[in-house]
Amino acid sequence: MTTRETRRPGYLRLIMELTKFRISAAVTLTTATGYFLAARSLQREMWVPLLGVLLLASGSAALNEWQDRAIDARMKRTRGRPIPAGYIDPSWALFCSILLILLGLYFLASVAQQSQSVLLLGALALFWYNGFYTYLKR
């Protein structure tokens, strides 16, 4: 008989944990709200940049999980995360995070209006979170 603690989580659940999907979805919802308030209507064009935001946030979260894997393995609160628990290989997690980040940046770059500004802001958010915040929170 297996308990909840010893049972391996399902693949979808592991991916959702690695990408911190609930947080990434909340970021996307916040972006959608801002988009809606600025446009004052729902527009078909909003789905492409929103997909970009979701993919970029998910990739950034997965990269953060990869960056903190050694620290997470030592802390009781975080040792059950997919990488330190051994459910996901670190190299696969890094590949997955880079793929999500590149796809997110691609969708943000494909926005017809202000594409350079949107892409720059997305890259800045990624750099700030994974380059500065991840190390400052320690």
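The values are calculated or read from the model by the stated rules, or taken from the named source; none is laboratory data. Not measured: the values here are computed from a predicted model. Every residue, glycine among them, receives a Cβ derived from its backbone with ideal geometry; neighbour counts consider all protein chains shown. Surface areas here come from the heavy atoms of the whole protein model, side chains and all, with no ligands, DNA or RNA. Shrake-Rupley method; radii C 1.70, N 1.55, O 1.52, S 1.80 Å.
For segment 27-60, residues that are touching a residue at least 60 places away in the same chain (Cβ under 8 Å), in contact with a Gly (Cβ under 9 Å, 6 or more places away or on another chain) and aliphatic (A, V, I, L, M) total 2.
None of Leu120, Leu108, Leu102 is touching a Ser or Thr at 6+ places or on another chain (Cβ under 8 Å) and in a helix (DSSP H, G or I) except Leu108. If you go through segment 81-96 and keep only what is small (Gly, Ala, Ser) and touching a residue at least 60 places away in the same chain (Cβ under 8 Å), you end up with just Ala93. If you go through segment 45-59 one residue at a time, do you hit one that is surrounded by fewer than 17 Cβ atoms within 10 Å (Cβ to Cβ), part of a helix (DSSP H, G or I) and touching a Leu at 6+ places or on another chain (Cβ under 7 Å)? No: zero hits. Please verify whether Leu63 is surrounded by 18 or more Cβ atoms within 10 Å (Cβ to Cβ), under 21 Å from Trp128 (Cα atoms) and touching a residue at least 40 places away in the same chain (Cβ under 8 Å), treating the condition exactly as stated. So Leu63 passes the test.
Checked against the criterion of being hydrophobic (A, V, I, L, M, F, W, C), in a loop (DSSP other than H, G, I, E, B), under 30 Å from Val111 (Cα atoms) and open to solvent by 70 Å² or more (accessible area, probe 1.4 Å), the candidates Leu12, Leu42, Leu29, Leu37 yield just one match: Leu42.
Somewhere in segment 73-90, is a residue part of a helix (DSSP H, G or I) and either modelled with pLDDT under 90 or aromatic (Phe, Trp, Tyr) (or both)? There is no residue in segment 73-90 that is part of a helix (DSSP H, G or I) and either modelled with pLDDT under 90 or aromatic (Phe, Trp, Tyr) (or both).
Here Ile71, Ile88 are screened, and the one residue that is open to solvent by 40 Å² or more (accessible area, probe 1.4 Å) and of a type in the set (Val, Ile, Thr) is Ile71.
Scanning segment 108-123 for residues that are more than 14 Å from Met46 (Cα to Cα) and open to solvent by 50 Å² or more (accessible area, probe 1.4 Å) returns Gln116, Ser117, Leu119, Leu120, Leu121. Exactly one residue among Leu105, Leu126 is open to solvent by less than 60 Å² (accessible area, probe 1.4 Å), touching a residue at least 40 places away in the same chain (Cβ under 8 Å) and touching a Gly at 6+ places or on another chain (Cβ under 7 Å), and that residue is Leu105.
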